[in-house]
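Shown next, in structure tokens, is the structure this report addresses.
The values are calculated or read from the model by the stated rules, or taken from the named source; none is laboratory data. Predicted, not measured: the structure shown is a model, and the values here were computed from it. Positions of Cβ are generated from backbone atoms using ideal geometry, with glycine treated the same way; all protein chains shown enter the neighbour counts. SASA here: full protein model, heavy atoms, side chains in, ligands and nucleic acids out. Shrake-Rupley method; radii C 1.70, N 1.55, O 1.52, S 1.80 Å.
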Amino acid sequence: MTPRATLAKTVPMSTATLTIDLNAIVANWRALARLARVETAAVVKADAYGLDAAKVGNRLATAGARQFFVAVAEEGIALRRALGAGPRISVFSGHMAGDAEKIAGAGLVPMINSVDQMLRHVEALPGHPFGLQLNTGMNRLGLDPAEWSELHDIALAQNPTLIMSHLACSDAPDHPMNAQQRKTFDEMTQGIDVPRSLAATGGTLLGRDYHYDMVRPGVGLYGGLPFVDAHPVLTLDIPVIQVRTVPVGETVGYANSWTAQRPSRIATICAGYADGLIRAMGPKATLTHEDKKVPVVGRVSMDLITVDVTDLETDPATLQLIGMHQSVDTVAAFAGTIGYEILTGLGNRYARIWRD
């Protein structure tokens, strides 16, 4: 008869700790600004990629950032409350139905994406600042070349603050789409005396031909690829709830998905997919203790993950998922996704510490 798994140690339950280094975010913004040598904005959409737009925005504004981008008007309102008057806050989604009062009240700058948005804006808020977004091939947001040719003269007569587009393949420097979009952008904006912007983080790294009058980095500020020289921004330390001995032949987790091939020490840690730790990461994921990696075993569940700590000399009190030994992009690769998804999915249950 196979012996049952035995409980070895129980520690008080608490939440994982997410430490966010605001100084590292500033250092990354400054590094990209030095590289571009043009106006450098900061993209703080999705609550600064999940890291708190108010805190990140204030710190960057103190460091000298004067232009910020958000996804929707509601994000812009929250950011304006945090920053106060002064910095420009532009809205990628443009002027959507029902946004006039929000845009005017918070002093937002919508990036107009269509003829309908242009008409809505000039009718509801004549004289209010706006920018223009052009579709140069990504086919997501922006005015198509045919629309732009119709709207060109009317829009320019209203004195837009910025004309921008967005690169589809900037994380692949050799992809022909980059040069193709730059050529289209040049053609669509030829002879126009309005500030232009094409580059987010990846485009900033492509070089001067992509910088124009403004770059607007996002993920690179937060330590993500493709900015390989970024300062690390995050650490995620997860407490161990229990460590138990699991005999040979015993299974761990839902669906009996892992079976002990040796007498094993299994730590159950206090985080799961409800905290943004994607279920698909389980089979490939590791955590670290000091400088040693330990593998996840069994399935990632809603609130708990099980980890094989047999090879550690002592039972750990915490294990680290993101930090010096594993970046957010490394963790994303465990689940076959990208760092953006991990960043923006980090949950509300973490005890958050901001270093400044």
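For the reader, a short list of remarks on this structure follows.
- Ligands, DNA and RNA excluded, the heavy atoms of Thr344 present near 70 Å² of accessible surface to a 1.4 Å solvent probe.
- Compared with the dominant principal axis of the Cα atoms in the chain, helix 176-188 is inclined by about 30°.
- For the stretch 41-93, the per residue solvent-accessible surface stands at 34 Å², with DNA, RNA and ligands left out and a 1.4 Å probe.
- Size descriptor, Kirkwood hydrodynamic radius, that averages inverse alpha-carbon separations across the stretch 48-193, Å: 16.1 Å
- Taking every Cα-Cα distance in the stretch 17-80 and sorting them into 5 Å bins from zero, the calculated P(r) comes out as 4, 18, 30, 25, 15, 7, 1, 0 percent.
- Taking the alpha carbon gyration tensor of the stretch 298-356, multiplying each eigenvalue by 5 and rooting it gives semi-axes of 21, 16, 14 Å, largest first.
- Take the Cα of Lys284, step 7 Å toward its Cβ, do the same at Ala146, and the gap between the two points is 4.2 nm.
- Put a dot 7 Å past the Cα of Gln158, heading toward its Cβ, do the same for Thr15, and the two dots end up 4.3 nm apart.
- Under Karplus coefficients 6.51, -1.76 and 1.60, residue-wise ³J(HN,Hα) of the stretch 246-251 in Hz, glycine/proline x: 10, x, 4, x, 6, 10
- Prolate is the label for the stretch 129-281, because a/c, from the alpha-carbon gyration tensor with a ≥ b ≥ c as root eigenvalues, is 1.5 or above and a/b exceeds b/c.
- With respect to the chain, whose longest principal axis is taken over its alpha-carbon atoms, helix 73-83 is tilted by about 80°.
- Across the chain the C-alpha pair distances fall into 20 Å bins from zero in the proportions 28, 47, 22, 4, 0 percent.
- Sorting Arg34, Arg352, Arg216 by accessible area puts them as Arg34, Arg352, Arg216; the probe is 1.4 Å, largest comes first, and only protein heavy atoms count.
- Contact order relative to length of the stretch 164-235, as percent, for alpha carbon pairs under 8 angstrom and 6 or more apart: 26 percent
- Descending principal axes extents, the stretch 210-356, alpha-carbon based, whole Å: 64, 30, 25
- Overall dimensions of the stretch 116-185 by Cα: Rg and Dmax, Å: 13.8, 43
- The angle between the Cα long axis of helix 145-157 and the main principal axis of the chain comes to about 60°, on a 0 to 90 degree scale.
- Spin-label pair Ser257/Asp229, simplified geometry with 7 Å Cα→Cβ offset, distance in nm: 4.0 nm
- Partners for Lys292 among aspartates and glutamates (Cα-Cα distance below 19 Å; same-chain residues under 8 apart left out): Asp237, Asp308, Asp311, Glu313, Asp315, Asp329
- The percentage of C-alpha pairs in the stretch 247-329 whose separation is greater than 16 Å is 49%.
- Positive-pole candidate from Thr19, Val240, Pro126, dipole of the chain, charges at beta carbon: Val240
- Selection among Asn139, Ala200, Ala48 by position relative to the dipole of the chain gives Ala48 as farthest towards the positive end (Cβ unit charges, Cα centre).
- For the stretch 184-259, taking the reciprocal of the average inverse distance between every pair of different Cα atoms yields a Kirkwood hydrodynamic radius of 17.2 Å.
- Gyration tensor analysis over the Cα atoms of the stretch 256-304 returns equivalent ellipsoid semi-axes of 18, 14, 10 Å (largest first, whole Å).
- Cβ-based charge dipole, the chain, positive-most Cα from Gly94, Asn348, His166: Asn348
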